[in-house]
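**Student:** Following this message is one structure expressed as structure tokens.
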Amino acid sequence: MVSAETVRRGRGEHYAADGARGDVALCIDGSKPLTMEAVAAVEAACAAAESDESTTMLPVQVTGTPGKDWTHGLDVLLVSKWERALRRLERLNVTTVAVASGDCGGLALDVLLATDYRIATPDVRLSLLVDGEATWPGMAVFRLAQQSGGSRLRRAILFGAHLDAHESVDLGIVDELTDDPATALTAAAEMVTGLSGKEMAIRRQLMFDATTTSFEDALGRHLAACDRALRRSADTGTP
């Protein structure tokens with residue numbers, strides 16, 4: 001199943017976190033091929049999260065990896081639409097928290113790498129797909145190298161080597177391992193309670209830019225963000 005779901009608060013099977021979000025969650029089944037349905041599901045989850053002011057966190061559930069024929073019928077236009085949807089998720093004005101379990105490749109890995117905080121069960125295993133001649137050259141390669149350093153992920157990026165749970169944590173791809181993802185998600189919700197989604201998005205973008213921008217070019221953006229924070233503090237009277 002690849003879907004943007006409306007869920008009732010407190011339903012553990014959907015990893016709902018009471019009080020931290022509106023009634024929306026994104027579920028990605030990586031065993032499925034890339035389709036417009038998957039693109040639409042990500043876009044719908046983003047739209048729902050942004051339209052509900054009570055939403056401070058979007059839970060994302062990912063699992064599964066596709067079979068050998070996953071590229072059958074795929075074209076670059078659809079891949080481009082998928083990547084644009086992931087970019088929207090990656091820049092969302094709410095905190096995105098993923099729960100990953102089992103084998104995660106394809107769509108599941110793509111979405112996992114576009115989230116802010118990643119929780120995984122001990123059986124998780126991450127892997128880039130192989131398209132017959134080499135690993136798939138999608139943006140998962142970019143995100144893995146950007147987030148963890150290409151040299152440490154050489155075998156995974158070049159040869160499709162799996163990353164188990166502990167390797168994923170060690171590389172900083174996964175933030176937390178747990179046998180109780182519902183409880184971990186509730187704790188993550190408490191962590192982000194009170195944070196501004198718009199301000200979170202600004203900090204996230206500054207973090208992204210840090211890997212490609214010189215100090216001199218970055219300084220102006222950081223000073224502008226500092227000025228914005230000081231003005232907000234003065235308006236609200238908080239220190």
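The values are calculated or read from the model by the stated rules, or taken from the named source; none is laboratory data. None of the values given here were measured: they were computed from a predicted structure. Neighbour counts run over all protein chains shown; Cβ positions are idealised from the backbone, glycine included. Remember, those area values only see protein heavy atoms, side chains included, never the ligands or the DNA or RNA. Shrake-Rupley method; radii C 1.70, N 1.55, O 1.52, S 1.80 Å.
**Student:** Do any residues in the stretch 56-72 that are over 14 Å from Lys32 (Cβ atoms) have Cβ atoms under 6 Å from those of residues that are of a type in the set (Phe, Trp, Tyr), where the two are at least six apart or on different chains, and which pairs are they?
**Tutor:** The qualifying pairs are Pro59/Tyr15.
**Student:** Within the stretch 175-201, which residues are open to solvent by 70 Å² or more (accessible area, probe 1.4 Å) and assigned to a helix (DSSP H, G or I)?
**Tutor:** Those that are open to solvent by 70 Å² or more (accessible area, probe 1.4 Å) and assigned to a helix (DSSP H, G or I): Thr183, Glu190, Met191, Lys198.
**Student:** Take Arg143 and decide whether it is exposed (fewer than 13 other Cβ atoms within 10 Å of the Cβ), modelled with pLDDT of 85 or more and part of a helix (DSSP H, G or I).
**Tutor:** Considered against the rule, which asks whether it is exposed (fewer than 13 other Cβ atoms within 10 Å of the Cβ), modelled with pLDDT of 85 or more and part of a helix (DSSP H, G or I), Arg143 comes out as no.
**Student:** How many residues, within the stretch 209-229, are in contact (Cβ under 8 Å) with a residue 60 or more places away in the chain and assigned to a helix (DSSP H, G or I)?
**Tutor:** 0
**Student:** Only residues that are charged (D, E, K, R), open to solvent by less than 60 Å² (accessible area, probe 1.4 Å) and touching a Leu at 6+ places or on another chain (Cβ under 8 Å): list them for the stretch 79-132, please.
**Tutor:** Asp110, Arg118, listed by residue number.
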